[in-house]
Every structure is written in C-alpha cells, then in structure tokens.
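Let me begin by presenting the structure, written as structure tokens, before commenting on it.
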Amino acid sequence: MNALEIKDLDVYYGQLQAIEKVNLIVRERDFLAIMGPNGGGKSTLLKAILGLVPIENGEIKILGGNNKKNRHLIGYVPQFSSVDKNFPITVIEVVLLGALNKGLSFFHKFTEEQRGKARELLEKVGLDKLANRSISQLSGGEFQKMLIARALMTEPKLLILDEPTASVDAKASQDIYNLLGALNKKITIIMVTHNVMAISSYVKGLACLNVGLVYHGDPEISEEVVNSLFGCPVELVAHGVPHRVLKEHEGDNNVSGLN
Amino acid sequence: MLADLIKYQFLQNAFIAGLLASVLAGIIGFIIVEKKMIMMSGGIAHASYGGVGLGYLIGIEPLYGALGFSLLSAVSVGLIKRKGGTDSDIIIGLFWSLGMALGVIFISLMPGYPPNLNSYLFGNILAVTRADLMMMLIVAVVVSLVFFALFNNWKAYLFDDEFSGIRGSGVVLLEYLLLIMTALTVVVLIRIVGIVLALAILIAPAATSKLLFKKMSKRVMMSVIFGVIFIFSGIWLSYTLNTAAGAMIILVAVICYMATYILTSIKLRKKQGNGH
C-alpha cells in the first residue's frame, strides 16, 4: 500500500494558484524530501496533505484512505518558528501532549505507561536529561528533537516534517538526520525543505515543487532540474554538499537556502 | 475601611465581586495573553455596549443585553475567522465600533432624558447587587470548571493548535468555548471596571504573571492572585482618595505591570551582562 497518493491536486489561495496539477506517490518506508523555492507551494502541499487547507481539485489519500479521515496516522512536526518557544511548559509535558485522546478529555490524566513511553522517546532523541526543563531553555536543535518525540508519541505510520533543520546549526542538523534515518527503518518520512544543502544521504526520493511538480525521482538531481526549479543558475556541487547561486534571479534577490 | 466593610453590605458585595472577577480575569486573561487574542477581547467588550443601549430601549436589564451582544459578537468573530474569508482583525475592529455605535443609536431613540451610562462604561464595583453577585458566581464556577476539567486540552491548544487540530483534539470546540467564556467574563468585568476599562484588568494580571513565572499552573494561579491584589488595592485607594474605583483599579494594574516589566528587564540585562 502507498503511504501517500496525490492525484491532480490544485490548491488556490483566493485568485492565486499555489499548487497546480500535482501527482505524487510515496511508498511505505520511503524518505521523500520536497524541495523548492520560497512561495513554491511546499508548505501549502503539506497543509493540503494534513487537511488544513481546502483543495480545489484532486484527491489525497493517506495509507489508502481519505487524508482527513486518516490524518491521525500522521505524526506532524511543524516549523520551529510556528510554535511559541516561551509557552510555560516542560519538555516531557510537550511530548505527552502527543498522547492526548481524540476529542475533549475531561479531567484527563496521563497514565504511567504514557509517561514511561514519553521518557523512552526522549531518550531515543537524546533529550532524556532535559525532560523537566522549560522549553524556553532549549536550543533550536533540541526543540526540533522534542517536536519529533511528540510526533512519535502519536505512533505515526507517516512522519511529516516542515523544515526540520531551519534555525538549527550544522551539527544539530546532522543529529536530526541521523535520527530520521534510524526512524525511517519503520516509518515513512516526508520532509519539506527550501534548503538544497538539507538533502542528506538518508533521503531516498526527491520532489521539486514550484507550484507544479518539476521533478520527482532520485535525490541525485541534475543541474538543469535545480536551475529550472529556482529559475536561476545554481551551482550543484555534489550530494549533500553546499550549493551556490551563481546569478541572482531577475526581480528576486532572495533565493533563500542557497549560499 | 475594615470597620466599614463589616458594617456596609455594598462594601461586602464589592469585596466578593472583586474576588470573583479576579478568578475570571486570571483564567481568561491567561488564555488570551498566551493566545495573543487581546484585541479580540477588546472587540467583544466594546460590542457589548450595543446590548446595554438595547436593554435600556426595550426595558430589560442592560447587562443581559450586553451579554447577548458580546456572545453574538464572539461567535460571529469565531465563525468568520474559521471560514477564513476576511482578516479577523478587520472584523474585530468593525465589531468594536459597531457595538459602540449601536449603543449610542439605541440610547438616542429612547424617549425623554437619556440614562447615565457611566457605570457601564467605567464600572461601579460599589453598586454591585446580590443579583449581580449570583450571576458572577455562576459565571466564575462555569469558567473555572471548563478550564480545569479540560486543562490538558487547553495546554495542547495553547501550545500548538495546528498539531491539536490534526490530532482531532477538539480545537474548534475549544475555540468557541473560549470565545463564549471571554464574552461571559467581559460582562462580569463591565460591572467592576466598565466596558472601556475591562481590557486592562483582563490582561494586566496575566501579563504580569507571564513576566515572572515559567510554569502554566503557577502562571494561572498567580494571575488570579495579581487580579485580587490589583482590584483590592484599587478599591482601597479609591475609598481613601475618594476617586472612581474602576479607574483606580486600572491605574494600579497598569503601574504594577510596568514596574514588573522594568524590573524584570533590568534583571535580564544584568544576567546577559554577566554572561558575556
């Protein structure tokens, strides 16, 4: 069974078409990176998969069922910047929130089993010593790992991450990729990134999105594909090695993620 | 003042009303400060003025009119925000002014001399009746129960509502519950500090607590305690200086918040300075 199937997807924001005729299949235990320039529709595609934005045309299936019906099978790791880092909550409390029941839970208390599982997951992501720390004291990399542990608490079949290495240093990025590589042995992973550098050796497939799907296939992409994706010449050095914009795109001097 | 408190029922009523308002402002204030919904609460408070005017015009208790208008504006803002058609800030701004405008129109349609609306605009805690206290008690019990019974749901919603929504943890229901609880709280606060000043007593205790405490349960508890301190200090000062109680409560609340803000900023700078 496919972990994700997208057929002829169109998404609009008002008059603006954010996604055009996207077809995509992700097989179980795949590790897909979705890459593209800012405004290329990466986050919109994720939101469509998660059922957070209305779709104009097309169909999205998660593990064979409707995406809205089956979205409880998704472990979602949002962008670092979208979560309040000063909220008064500890690391283990955040992870436990992944175990919250569907619907409203009156006078809810987490069981010892759930607490044990949360501690286990924190150990797995390397945060067991920080379990009782306030989240405001975490570094960017630690914060991302905590969000991954919360997503794993939901026992997902499909892990979706939105820019997991944004605001994270190189060492922490590598730690996160090592963790995702290990998780990928059991879980299908889809990751969005606007950073060409972020494509690690763990990634098994690459989808390049710029409103439409420009490329879907092997992560070793050619220079022509990257150039057409970003709309400007980009130096493609090697897999996982920094790339460099050679010439600024006309009318757009902010092609982030490339340096 | 203590002897007068034992002697006069209006002071006893004011004392109990202050306690109940502190509980409500502490809980709802915490949520709206964390969720950055302050302007929305201001919009709901000001929209209630239309209900006060309508209450006078058709001859019902103006506070019931205020309750109806604030509930209607709260649910409308929620519906429009959820549909995502228009920027919710625009709707809040329009409801804010529309409520005030309707209040003025309804009052001007009344035959004879217009009533004095100062107690609704700026509050009068010393005029709280036993019936008002009963309404405040019911609202305080309902809001506290909803908050503490769904504590983990609120925690998940406040920290990351997108994740909670994907998990199906009742985000839509929580959003509407919050809007309704805010509307109810606003109506209670109208009696204490009035429509115009309600926003400050809703946010100052929670914002002060946010500057000082890092744990959610402590932040809520201290938000309630700060509410008690601000309201009672305000009443005591107004009694001593013979000034309006509602305005005095707000003055105390804002001064305390500003003082805490300055002190915590100095402390943080010193800490950062030592770190280098």
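The values are calculated or read from the model by the stated rules, or taken from the named source; none is laboratory data. What you see is a predicted model; the values in this text were computed from it and never measured. Cβ atoms come from the backbone with ideal geometry, glycine included; neighbour counts cover every protein chain shown.
Figures for the structure shown
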| quantity | calculated |
| --- | --- |
| Residues satisfying the stated conditions in region A:69-82, i.e. surrounded by fewer than 21 Cβ atoms within 10 Å (Cβ to Cβ) and either at the interface with chain B (Cβ under 9 Å from one of its Cβ atoms) or farther than 25 Å from A:T193 by Cβ (or both) | A:K69, A:H72, A:S82 |
| Pairs where the first residue, in region B:191-212, is on the phi > 0 side of the Ramachandran plot and the second is hydrophobic (A, V, I, L, M, F, W, C) and in a helix (DSSP H, G or I), C-beta under 8 Å, 6+ apart | B:G194/B:L121; B:G194/B:F122 |
| Any hit, region B:165-174, residues being in contact (Cβ under 8 Å) with a residue 40 or more places away in the chain, within 14 Å of chain A (Cβ to nearest Cβ), touching a helix residue (DSSP H, G or I) at 6+ places or on another chain (Cβ under 8 Å) and not charged (D, E, K, R) | yes |
| Unique residue being more than 13 Å from chain B (Cβ to nearest Cβ) and in a helix (DSSP H, G or I) when the list is A:I176, A:I189, A:I92, A:I148 | A:I176 |
| Number of positions in region A:95-107 that are at pLDDT 95 or above and within 7 Å of chain B (Cβ to nearest Cβ) | 1 |
| Test: residue in region A:51-68 that is in contact with a strand residue (DSSP E or B) (Cβ under 7 Å, 6 or more places away or on another chain) and within 11 Å of chain B (Cβ to nearest Cβ) | yes |
| Residue among B:L102, B:L67 that alone is more than 18 Å from B:L197 (Cα to Cα), modelled with pLDDT of 85 or more and hydrophobic (A, V, I, L, M, F, W, C) | B:L102 |
| Hey, A:A48 assigned to a strand (DSSP E or B), more than 22 Å from B:F148 (Cα to Cα) and small (G, A, S) or not | no |
| Residue check, B:A66 more than 14 Å from chain A (Cβ to nearest Cβ), closer than 19 Å to B:M181 by Cα and crowded, with 19+ Cβ neighbours inside 10 Å | yes |
| Qualifying residue in region B:184-196 (condition: at pLDDT 95 or above and either part of a helix (DSSP H, G or I) or within 14 Å of another protein chain (Cβ to nearest Cβ) (or both)) | yes |
| Evaluation of A:G40 against (1) buried (at least 22 other Cβ atoms within 10 Å of the Cβ); (2) at pLDDT 95 or above (one fails), failing number | (2) |
| Given (1) within 14 Å of chain A (Cβ to nearest Cβ); (2) surrounded by 17 or more Cβ atoms within 10 Å (Cβ to Cβ); (3) assigned to a helix (DSSP H, G or I), number of the condition B:L145 does not satisfy | (2) |
| Residue count, region A:95-119 (criterion: surrounded by 14 or more Cβ atoms within 10 Å (Cβ to Cβ) and either touching a residue at least 24 places away in the same chain (Cβ under 8 Å) or not in a loop (DSSP other than H, G, I, E, B) (or both)) | 10 |
| Sole exception among (1) at pLDDT below 90; (2) surrounded by fewer than 16 Cβ atoms within 10 Å (Cβ to Cβ); (3) among the small types (G, A, S) for A:A166, by number | (2) |
| Condition check for B:G227: surrounded by 20 or more Cβ atoms within 10 Å (Cβ to Cβ), on the phi > 0 side of the Ramachandran plot and touching a Gly at 6+ places or on another chain (Cβ under 6 Å) | no |
| Candidates A:F110, A:F143 - the one that is within 14 Å of chain B (Cβ to nearest Cβ), among the aromatic types (F, W, Y) and closer than 23 Å to A:K47 by Cβ | A:F143 |
| Hits in region B:148-164 (condition: facing chain A (nearest Cβ under 8 Å) and of a type in the set (S, T, Y)) | B:S164 |
| Residue selected from region A:126-135 under the condition more than 30 Å from B:L145 (Cβ to Cβ) and assigned to a helix (DSSP H, G or I), by the criterion nearest to the other protein chains (Cβ to nearest Cβ) | A:L130 |
| Qualifying residue in region B:257-269 (condition: within 14 Å of another protein chain (Cβ to nearest Cβ) and in contact (Cβ under 8 Å) with a residue 40 or more places away in the chain) | yes |
| Hits in region A:49-90 - residues which are free of Cβ contacts under 8 Å to residues at least 40 places away in the same chain and under 15 Å from A:L24 (Cβ atoms) | A:N67 |
| Region B:72-94 - residue that is modelled with pLDDT of 90 or more and surrounded by 18 or more Cβ atoms within 10 Å (Cβ to Cβ) and, of those, nearest to the chain's Cα centre (by Cα) | B:A74 |
| Residue in region A:113-125 that is out of contact with any Cys (no Cβ under 7 Å at 6 or more places or on another chain) and facing chain B (nearest Cβ under 9 Å) present | no |
| Some residue of region B:117-125 being among the hydroxyl-bearing types (S, T, Y), crowded, with 17+ Cβ neighbours inside 10 Å and either more than 10 Å from chain A (Cβ to nearest Cβ) or in a helix (DSSP H, G or I) (or both) | yes |
